[in-house]
Every structure is written in C-alpha cells, then in structure tokens.
Amino acid sequence: MAFLRSISKCNETRKLCLNGQPTAWNRGPALLSSSFFNATRHSSTKAVDTEKPKKPLRDPLDTSFDNPEAAFKSKTTWEVLRAYLVYTMCSSAYLVENNMKLMKLTKSIFGEKLFTLIMKSTFYGHFVAGEDRYKIIPTLMRLRSFGVKPILDYSVEEDLSQEEAEKREVESSVSEVQSTDASTEARPQEAASVGGAMPQYNVAKTFADRRYKVQSARTYFYLNEATCEKNVEIFQDCLHAVAGATYGTGITAIKLTALGRPQLLLQLSEVIMRARKFVTEVIGGQGNVIGQKLSAEDLAKRLEQAGVTDTKKFLEKVVKDSEGVIHLFPWSGIIDESFQLNDAFRVPSLKEGRMVRLISQLSNREEEMFRNMIRRVNTLIKTAKELDVRIMIDAEQTYFQPAISRITLEMMRKYNTEKAIVFNTYQCYLKEAFNEVRTDLEQAKRQNFYFGCKLVRGAYMEQERARAAALGYTDPINPTYEATSEMYHKTLTECLQRIKDLKVKGKPNSIGIMVASHNEDTVRFAIQKMKEIGVEPEDKVICFGQLLGMCDYITFPLGQAGYSAYKYIPYGPVNEVLPYLSRRAQENKGILQKIKKERRLLISELGRRLAKGQIFYKPNGQYTPV
C-alpha cells in the first residue's frame with residue numbers, strides 16, 4: 001500500500017520509467033486477494049505488514065452516468081481537450097471515411113517524426129497506451145489509481161491489400177489432401193450423410209478478406225507456422241507486461257486465428273455442428289447432447305432402434321457421468337499435443353447404417369499443425385497461470401466459433417481448477433448465444449471447473465449476414481438490436497442466477513462474468529440484477545469492461561464506486577497501429593449518440609475547470625481496484 005500511495009500523483013507516476021523500464025518492474029506483482037481470483041496479497045516491507053489496513057476510497061455511483069467530474073477526474077485538462085477534439089473529428093463523415101488515406105498523406109507530407117508527434121497528440125494518444133510494455137506503465141498506474149484495471153492487447157496489424165488477404169485466407173482454409181479439381185468440396189461425401197450440406201464451413205473467396213465490414217475487431221491472416229510462433233512471443237510479452245504492472249489483477253486477450261491454420265478451425269467447427277445434428281437425428285432434441293439428459297444406455301437403445309449396429313467402440317468413447325452423456329467424443333484429448341484428428345470423429349450414420357467420419361482426411365503435416373496450435377494455446381495459458389493473470393480468448397466468426405469455444409472450454413477444464421484463468425467470449429447478437437452459455441455452464445458444473453465468461457454484443461454482424469445470404473444458409477444473427485439486447489440480458493441473468501444458487505449453497509464463487517459493453521442500459525441492467533440477486537461488487541465475480549478512450553463516463557465511475565472495472569488497453573508503435581486507429585474512428589462513427597454524450601460531458605468538464613480555476617489540474621487518484 002505504501003508503494004501504491006507513493007505513485008498516486010500523475011507527475012510522480014511518470015517518473016516510474018527510468019531508461020524505458022519502471023523502477024518497480026523487478027519487484028514482482030503484488031497479488032491482490034479475492035474470493036474469485038484466489039490470489040494472496042504480500043508486501044515488500046515489515047512496516048507495511050504491521051500497518052493497519054485502511055478502508056479503500058469509494059464514491060457513490062450515479063447510474064445516470066452523467067457526472068463529468070467523476071468521469072474525467074483521471075485526466076489532465078489537456079487530455080480532456082484532446083478527447084473533445086478527437087470525438088469532434090470522429091463526428092465528421094468525410095474524415096472518418098477517409099481516415100487511413102489522410103493519415104498516410106499526413107505522414108508523407110510531414111515525415112515520420114512529425115507525424116508521430118501529431119498522432120501522439122491526437123488519435124494515438126487518446127486510444128493507445130504507448131509503444132511497448134514499458135512505456136504503457138504510466139497509463140496503467142494512473143488507471144489503477146482511479147480504480148480501473150487493464151486488459152492488454154498488442155494492437156499491431158499487417159496492412160494487407162484485399163487481394164493479399166484473400167489469397168492467404170483461401171490457401172490456408174483448404175486441406176492439402178484435396179485435389180485441385182475437388183477444391184470446392186471441402187468435406188467428404190460421407191460426412192454429409194449426417195446433417196446434410198453445411199456451406200458455411202467452406203471457404204468462400206468473396207468473404208476471404210475477413211476484415212469485410214468489420215470495424216471493432218482485429219483480424220489475423222495465416223502466413224506460416226513461424227508467424228504463429230512469433231504471435232505466441234507477442235502474447236507472452238503481453239502476459240508478462242500485465243503481470244508486472246497490475247498486481248495480479250490484469251487480463252490479456254488473444255485470438256486463436258493468430259495461433260494456427262484457419263482450415264483446422266473450420267473443419268473442427270463442422271465436426272461439432274454435425275455431431276449436434278446427429279443428436280437431433282437420434283433423439284429428436286436440439287443442440288448439444290449434454291442438455292438432453294440422455295444416459296449412455298438410452299443412446300445405445302436409440303441407435304439399435306434406428307438399425308445401427310456395431311456401435312460398441314463409439315459408445316465406449318462417449319464421455320458421461322451419473323446424470324448422463326456429456327460429450328459424444330472424448331474432447332479432453334483435443335488439448336493433448338499427441339491428439340490425432342483423423343482417428344477421432346466417427347459417428348453411426350442413420351442413413352447408411354455404418355460408422356462415418358465427420359472430418360475430411362488431414363495430411364500428416366496438417367495433423368502436426370493442429371498439434372502446434374494446441375501447444376501454443378497450452379503454452380500461453382501455462383504462462384498466464386504461472387504469472388497469476390487471466391487470459392481471455394476472443395470470439396470470432398461463426399464458422400470458426402464452435403471450434404474456438406470447444407478448445408477454450410477444454411482449456412478451462414484443464415486449468416480452471418482452483419480459479420478462473422481462462423475466459424471464453426460469447427457474442428449475444430447470435431441467436432444461439434443463450435443456449436451456448438447455458439450448455440457451457442452445465443459442463444463446468446458437471447466437470448467441476450471454474451467458468452469464465454465475457455459477454456459482448458458482437459463484432460461481425462454485417463459480414464455474417466452478407467455471407468449467410470450469399471452462401472445460402474440461415475442467418476445466425478438476431479433480427480434486431482432490441483433482440484440482441486434481450487439476448488444479452490437473458491444470458492447475463494442466467495449467469496447471475498447460477499452465481500446466486502452457488503452463494504445460497506455456500507459454495508465458492510466458481511463463475512466469473514465480464515460485462516463488456518458500451519451500452520449504458522446494459523450496464524445499469526447488470527447493476528440492478530446484482531442488487532436483486534444479492535451479488536456485491538466485493539464478491540468479485542462480476543466485472544465491467546470498455547475500450548480505452550471510449551465511454552470513460554461509464555468505466556471510471558464504476559471503478560471509483562468499487563465495482564471491478566476494466567479498460568481494454570491497446571499498445572504498439574505508432575505506424576503499426578494505424579489499422580487499429582482506423583477501426584476506432586469507424587466504430588465511433590457508428591455510435592454517434594454516445595459520441596454526442598461524451599462530447600457534452602467533456603465540454604461540461606472543461607467549463608467546470610475554467611470556472612473553478614482548475615486549468616492546471618493534476619490527477620491524483622487514491623482509489624484501489626477491487
């Protein structure tokens with residue numbers, strides 16, 4: 001605590017970096033105790049050990065989120081003015097639509113050094129924390145002193161042309177064993193006997209550039225295995241940065257498409273969805289088999305009634321417990337680095353009366369690529385566990401997501417045995433979002449692991465709808481914005497109800513939820529539901545998250561009131577985060593009402609400081625995050 005108080009002032013915080021490295025860097029993270037994160041606090045001196053703990057500073061929360069002083073007390077007057085100017089520029093349709101061209105033009109006119117200075121004084125300075133893991137420390141420390149914790153993301157992106165992006169995606173989404181003339185048939189005919197045609201799991205050149213109509217999510221395009229290894233190093237650097245600067249409370253976000261060949265995620269996703277179709281064909285129920293409460297004996301009888309024989313080996317591999325079947329396949333093996341995909345996924349076909357393979361033949365090299373991807377994920381999560389930080393696996397397109405979620409859930413089962421290290425992300429604009437969360441909660445309960453869940457609205461709506469219409473499959477997106485809000489609230493309520501049930505039974509908090517939303521109504525809904533169900537901020541099972549530079553009027557009042565509040569913190573060299581900055585400008589164009597409110601609050605705060613003679617105000621946070 002003495003150390004934290006010594007860095008409370010903004011100008012003192014900036015002195016933490018000496019020769020690019022913070023003086024506190026080598027002390028190691030001071031781990032914050034919590035029932036959910038299950039960390040332990042330790043101190044560096046005996047004086048601190050004997051010091052009587054003080055009650056953390058907390059402000060009352062105004063859920064109208066209309067208090068400019070509470071929203072911006074962490075900012076200098078220059079930063080408030082800069083934010084106002086940035087949002088004003090984001091309100092210009094011309095500037096937003098041509099932002100990348102204008103940034104490149106500015107760079108060519110003024111040169112790299114002056115361009116970097118301009119960007120740091122405007123967009124980069126507002127939306128990005130710094131160039132590397134050392135230069136972001138002052139920002140992280142200041143956020144912490146105002147009750148806010150970080151989710152780190154190294155936001156460097158390749159500036160690929162559409163042609164190059166399409167070329168990479170097509171080449172990395174088709175199996176090596178397919179002949180040239182059969183390249184449009186991504187799966188064997190026998191798989192189609194279970195569930196019929198599934199065009200969504202075939203690569204489509206029209207949509208091969210996965211950046212199409214996507215504003216708020218970064219896209220990785222597979223180049224080779226060496227690039228994936230480099231991405232592992234980058235993510236590990238994020239993990240070390242967040243551990244060294246956040247005292248065991250930070251999070252790092254990763255994407256699985258950065259760690260392996262997309263073809264493997266496509267094929268695995270199709271296997272999962274065909275397995276669900278198989279469940280429907282056999283027992284008539286919808287969705288995952290875990291929700292059917294079906295015993296292994298009942299499954300055997302239904303297969304026999306359908307005329308399918310010789311199912312002994314299949315039934316021996318079914319994962320079950322006293323309540324019934326959990327999985328048709330031994331998914332726990334998928335996270336073992338010796339797993340063989342070619343041998344794993346066979347089910348009895350009711351049409352053909354024999355065992356059929358649900359995955360197309362993979363080459364030995366592709367099998368090795370899959371094992372490499374699993375090894376990389378294991379490496380990152382092991383590192384996170386050793387450093388006592390959390391790792392969030394981002395959601396991606398629906399044709400990848402079944403595989404991403406399955407791998408993530410199995411990683412939870414492996415690593416979330418004492419606390420939640422791994423979090424999965426659920427996109428509530430999907431029609432199946434509630435069912436997916438409910439199914440995964442059930443698996444966590446029956447297999448006894450901690451469940452980590454980040455709820456978002458979703459980042460790929462326009463792309464998903466256009467792709468579904470073009471390829472002829474059902475639109476996976478909710479029909480309206482209101483339907484998505486309803487889905488979000490319904491899903492959040494289910495999670496909170498499970499937390500309440502655990503609390504009533506006196507069990508430890510084994511569910512953690514991040515409400516990742518810039519929507520005031522959703523945040524208010526979450527707070528109200530917490531009160532109704534009896535979940536306190538101090539229980540540390542619910543947290544809130546927004547992007548750095550956006551919706552400060554939500555994040556900071558939450559953190560200062562004692563709620564677990566996070567900022568999604570991008571960092572990286574100026575020239576290499578231009579695609580990220582371009583997306584932020586585009587995203588702000590789409591939420592003009594929020595920009596309007598943020599600008600109003602910013603100008604109000606500027607006026608308040610002028611009236612009170614606080615133009616040279618220096619942020620001096622005394623808050624401690626939960």
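Descriptive notes on the structure:
- For the residues SER363, SER295, the requirement of being out of contact with any Ser or Thr (no Cβ under 6 Å at 6 or more places or on another chain) and without any contact (Cβ under 8 Å) to a residue 60 or more places away in the chain singles out SER295.
- Residue match in region 376-388 (condition: under 14 Å from the mean Cα position of the chain (by Cα), not small (Gly, Ala, Ser) and not in a helix (DSSP H, G or I)): no
- Those residues of region 462-504 which are surrounded by 16 or more Cβ atoms within 10 Å (Cβ to Cβ), over 16 Å from PHE525 (Cβ atoms), within 23 Å of the chain's Cα centre (by Cα) and without any contact (Cβ under 8 Å) to a residue 60 or more places away in the chain, in sequence order: ILE477, ASN478, ARG498
- Residue list for region 291-342, restricted to those being over 30 Å from ASN364 (Cα atoms), of a type in the set (S, T, N, Q) and not in a helix (DSSP H, G or I): SER295, THR309, SER322
- Note on region 561-572: residues that are of a type outside the set (A, V, I, L, M) and either within 15 Å of THR122 (Cα to Cα) or outside any loop (DSSP other than H, G, I, E, B) (or both) amount to 6.
- Residue within region 428-443 that is closer than 23 Å to GLU270 by Cβ, among the hydroxyl-bearing types (Ser, Thr, Tyr) and either touching a residue at least 12 places away in the same chain (Cβ under 8 Å) or in a helix (DSSP H, G or I) (or both) present: yes
- Residues in region 248-268 that are outside any strand (DSSP E or B) and more than 15 Å from ASN372 (Cβ to Cβ) were compared, and the one that is nearest to the chain's Cα centre (by Cα) is LYS255.
- Residue satisfying condition, being under 28 Å from VAL128 (Cβ atoms), surrounded by 21 or more Cβ atoms within 10 Å (Cβ to Cβ), under 19 Å from the mean Cα position of the chain (by Cα) and not charged (D, E, K, R), within set VAL523, VAL541: VAL523
- Looking at LEU266, LEU239, just one residue is closer than 23 Å to PRO199 by Cα, surrounded by 21 or more Cβ atoms within 10 Å (Cβ to Cβ) and modelled with pLDDT of 80 or more, and that residue is LEU266.
- Any pair with Cβ under 6 angstrom, 6 or more apart, that starts in region 132-145 at a residue that is under 18 Å from SER564 (Cβ atoms) and of a type in the set (Asp, Glu) and ends at one that is modelled with pLDDT of 95 or more and surrounded by fewer than 20 Cβ atoms within 10 Å (Cβ to Cβ): none
- When region 567-586 is filtered for residues that are under 21 Å from LEU143 (Cβ atoms) and either of a type in the set (S, T, N, Q) or modelled with pLDDT under 80 (or both), only ARG584 remains.
- If the condition is being over 22 Å from GLY324 (Cα atoms) and crowded, with 22+ Cβ neighbours inside 10 Å, then region 430-444 contributes LEU430, ALA433.
- In region 75-92, the qualifying residues are those that are touching a helix residue (DSSP H, G or I) at 6+ places or on another chain (Cβ under 7 Å) and among the small types (Gly, Ala, Ser), and the one that is surrounded by the fewest Cβ atoms within 10 Å (Cβ to Cβ) is SER91.
- Per-region count, region 306-361, residues closer than 23 Å to ARG413 by Cβ, surrounded by 14 or more Cβ atoms within 10 Å (Cβ to Cβ) and polar (S, T, N, Q): 1
- Test: residue in region 447-458 that is at positive phi and either modelled with pLDDT of 95 or more or not in a helix (DSSP H, G or I) (or both): yes
- In region 593-616, of all residues being outside any helix (DSSP H, G or I) and not hydrophobic (A, V, I, L, M, F, W, C), the one that is surrounded by the fewest Cβ atoms within 10 Å (Cβ to Cβ) corresponds to GLY613.
- So PHE556, is it surrounded by 22 or more Cβ atoms within 10 Å (Cβ to Cβ), farther than 24 Å from ARG446 by Cα and not basic (Lys, Arg): yes
The values are calculated or read from the model by the stated rules, or taken from the named source; none is laboratory data. Note that the structure is predicted; figures quoted are calculated from it, not measured. Glycine also receives a Cβ, built like all others from the backbone with ideal geometry; neighbour counts cover every protein chain displayed.
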